[in-house]
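Working notes, beginning with the structure itself.
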């Protein structure tokens, strides 16, 4: 998204006018407004820099992991991680904060792909997220 802001200044204006309460709706808004998305640009960048097709496809389909023929679990993980980061308050800085409730990620297709009906794993993941989500912003800042 940062690349889009710099390369296409109108992107910032058009995206700020569209509430990003639902990442999938925002993704479709990008495609309608620009003819491409941040996922498209990210995948092109990664491909041109020699990353594996599995990584390129995971980025390309991180808002539609069920369409990833290489590894839907990898794309699903990115989709869920993206929403968890947003819930924890991490954003690119130019985007309005999404209003999310704890557990909103469970409605993502990515969550359903990862857990595919395994209630015990789903329950464990939910509890783990509940214990660790407040620390996510400081963990991410520590990585940078």
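Read the figures in this text as sums done on the coordinates, not as results from a lab. Being a predicted model, the structure only gives us computed values, none of them experimental.
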Hydrodynamic radius of the range 24-144 per Kirkwood, over alpha carbon pairs, in Å:
15.4
With a ≥ b ≥ c the root eigenvalues of the C-alpha gyration tensor of the range 46-86, is it rounded (a/c under 1.5), prolate (a/b larger than b/c) or oblate?
oblate
With eigenvalues of the C-alpha gyration tensor scaled by 5 and rooted, the range 100-144, Å
23, 11, 10
Rounded Å value of the spacing that divides the Cα centres of the range 109-132 and the range 66-81:
15
